[in-house]
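Quick notes on the structure that follows.
The values are calculated or read from the model by the stated rules, or taken from the named source; none is laboratory data. As the structure is a prediction and not an experimental result, all values here were calculated from the model. Methodologically, a virtual Cβ is constructed for each residue, glycine included, from the backbone with ideal geometry; neighbour enumeration extends over all protein chains shown. When the accessible area is computed, the model is the full protein with side chains, heavy atoms only, and any ligands, DNA or RNA have been set aside. Shrake-Rupley method; radii C 1.70, N 1.55, O 1.52, S 1.80 Å.
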Amino acid sequence: MKKRVAVLISGRGSNLQALLDARQDAYDIVLVVSNVPGAAGLERARAAGVEALVLDHKPYGKDREAFERDLDHLLVLRNIQIVALAGFMRVLTPFFVRAWAGRLVNIHPSLLPKYPGINTHARALEAGDDVHGATVHLVVEEVDAGEIIGQASIPILAGDTPETLAQRLLEVEHKLYPECLAKLARQL
Ligand code: GAR
């Protein structure tokens, strides 16, 4: 049986697109939720015939858990089995992380444990690294610290900027994420 996957986004949704394009026997994407109204990824979902919803975090103010309780409700109602974060730019509270433990996955643009958090491309360049990469991992309470499902790397070239590096890495992310999601889906 294909696992029912929800993808959470905040913006462009190119990784969502890669996950949609690579749907196969292991998983299906049945819901996309954006915390940002008008996120471009919502249209990608609709174009693929997938339900796409906005759950704006702003009306919840500082009550992160209230936002997540409503999000969790949407997911449970649709019998979601795996939640995939794809450029979802909000840190989740222990409530949500515990509720979805082992079934909550993220893609992060660095070779974790290097460079958790933001500005990963600039930090890899500043450190003088000659290799950069992306990681798909389970989400735990500590940010960008869960069990690694898969990684892929690219060389850093002379003249790279954070932008060129991000662009080249994105192509690698688009192969890595569907492979890792399928791997997790088969294990569950
Ligand atoms: C991707 O590069 C993803 O790895 C990164 O945001 C980008 C989203 O692009 N995620 C994070 O930084 C998570 N902390 P997309 O919306 O086109 O998939």
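For the reader, a short list of remarks on this structure follows.
- Condition check for Gln167 on (1) within 21 Å of Pro113 (Cβ to Cβ); (2) among the polar types (S, T, N, Q); (3) in a helix (DSSP H, G or I): one failure, at (1).
- For Pro113: the one exception among (1) touching a residue at least 12 places away in the same chain (Cβ under 8 Å); (2) within 12 Å of the ligand (Cβ to nearest atom); (3) assigned to a loop (DSSP other than H, G, I, E, B): (2)
- Exclusive hit being out of contact with any Ser or Thr (no Cβ under 9 Å at 6 or more places or on another chain), among the acidic types (Asp, Glu), closer than 17 Å to Val36 by Cβ and modelled with pLDDT of 95 or more, set Asp63, Asp129, Asp56, Asp70: Asp70
- Residue ID - nearest to Glu126 (Cα to Cα), chosen from residues in segment 145-155 that are outside any strand (DSSP E or B) and open to solvent by 30 Å² or more (accessible area, probe 1.4 Å): Ala145
- As a summary of the residue check, Phe88 satisfies the conditions (1) in a loop (DSSP other than H, G, I, E, B); (2) open to solvent by less than 10 Å² (accessible area, probe 1.4 Å) except for the one numbered (2).
- If the condition is being surrounded by 13 or more Cβ atoms within 10 Å (Cβ to Cβ) and among the aliphatic types (A, V, I, L, M), then segment 66-77 contributes Ala66, Leu71, Leu74, Leu75.
- Of residues in segment 37-51 being open to solvent by less than 50 Å² (accessible area, probe 1.4 Å) and within 16 Å of the chain's Cα centre (by Cα), the one nearest to Ile82 (Cα to Cα): Ala45
- Where a residue in segment 133-159 is among the hydroxyl-bearing types (Ser, Thr, Tyr) and its partner, wherever it lies, is in a strand (DSSP E or B), with Cβ under 7 Å and at least six apart: Thr135/His108; Thr135/Ile148; Thr135/Gln151; Ser153/Val131; Ser153/His132; Ser153/Gly133
- Of all residues in segment 118-142 being over 21 Å from His174 (Cα atoms) and open to solvent by 70 Å² or more (accessible area, probe 1.4 Å), the one that is farthest from the ligand (Cβ to nearest atom): Asp130
- Ala39 passes every criterion in (1) of a type outside the set (Phe, Trp, Tyr); (2) within 15 Å of the ligand (Cβ to nearest atom); (3) more than 16 Å from Arg90 (Cα to Cα) apart from (3).
- Within segment 91-110, if we keep just the residues that are closer than 21 Å to Leu184 by Cα, in a loop (DSSP other than H, G, I, E, B) and in contact with a helix residue (DSSP H, G or I) (Cβ under 7 Å, 6 or more places away or on another chain), the residue that is least open to solvent (accessible area, probe 1.4 Å) turns out to be Ser110.
- Taken together, the criteria place Ile80 among residues that are surrounded by 17 or more Cβ atoms within 10 Å (Cβ to Cβ), in contact (Cβ under 8 Å) with a residue 12 or more places away in the chain and in a loop (DSSP other than H, G, I, E, B).
- Looking at Asp63, Asp56, just one residue is free of Cβ contacts under 8 Å to residues at least 60 places away in the same chain, acidic (Asp, Glu) and open to solvent by 70 Å² or more (accessible area, probe 1.4 Å), and that residue is Asp63.
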